[in-house]
Amino acid sequence: MIEFCNKKKMAFAILLLISFSVITLIVKSVWASTDFQKLISNTTACKDVDIVNTQTCFRCSKKELRAEVPVCSKTGYKQTVQCKDGTQFWRSCEITPDMDEKNFWIFWAVNIVIGLVAFVYVRRRQKTLDGILMEKINKQLASGL
């Protein structure tokens with residue numbers, strides 16, 4: 001009787017989790033389609049001569065990439081451009097070699113730090129375990145076995 005009751009509770013919990021997952025997926029898809037309608041760039045882009053201010057090229061967010069915003073779908077990077085008349089729009093941009101090199105060195109620095117931390121941890125753990133093993137051996141020798 002107790003096992004049957006637990007199985008019912010388990011089935012109910014699984015059904016509840018599945019329903020929450022489906023509801024979450026539906027809500028996210030509705031919000032994603034409405035949020036990014038504003039992000040689509042203006043079709044009236046100014047000429048390169050009329051550009052007053054540009055922001056540096058930066059990576060599109062995961063939401064923008066999932067929503068397939070036209071500006072982000074080409075390269076995955078975008079920049080904000082302002083024309084002389086004050087209109088602002090986004091345009092796709094290529095990643096520069098400087099940004100690529102910076103990402104490369106950040107990647108290697110993180111790998112080196114993780115490797116060093118892992119090395120120090122393993123060495124300390126090994127010394128601890130060696131000490132415990134030596135204590136056991138000494139106890140056995142002292143007891144005369």
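Quick notes
- Solvent exposure of the range 72-145, expressed per residue, is 83 Å² of accessible area, with all protein chains present and a 1.4 angstrom probe.
- Gyration tensor over alpha-carbon atoms, the range 64-145, equivalent ellipsoid semi-axes in Å: 61, 13, 9
- Sorting ARG66, ARG125 by solvent-accessible area of protein heavy atoms yields ARG66, ARG125, largest first, with a 1.4 Å probe.
- Here's the list of lysines a cross-link from LYS102 could span, going by alpha-carbon distance under 25 Å and ignoring same-chain residues fewer than 8 apart: LYS62, LYS63, LYS74, LYS78.
- For GLY76, net neighbour charge (Lys/Arg +1, Asp/Glu -1) across residues whose Cβ lies under 15 Å away: +3
The values are calculated or read from the model by the stated rules, or taken from the named source; none is laboratory data. Owing to the predicted nature of the structure, the values given are computational and were not obtained by experimental measurement. We place every Cβ from the backbone using ideal geometry, glycine too, and count neighbours over all the protein chains shown. Note: accessible area is taken over every heavy atom of the protein model, side chains too, but ligands, DNA and RNA are not part of it. Shrake-Rupley method; radii C 1.70, N 1.55, O 1.52, S 1.80 Å.
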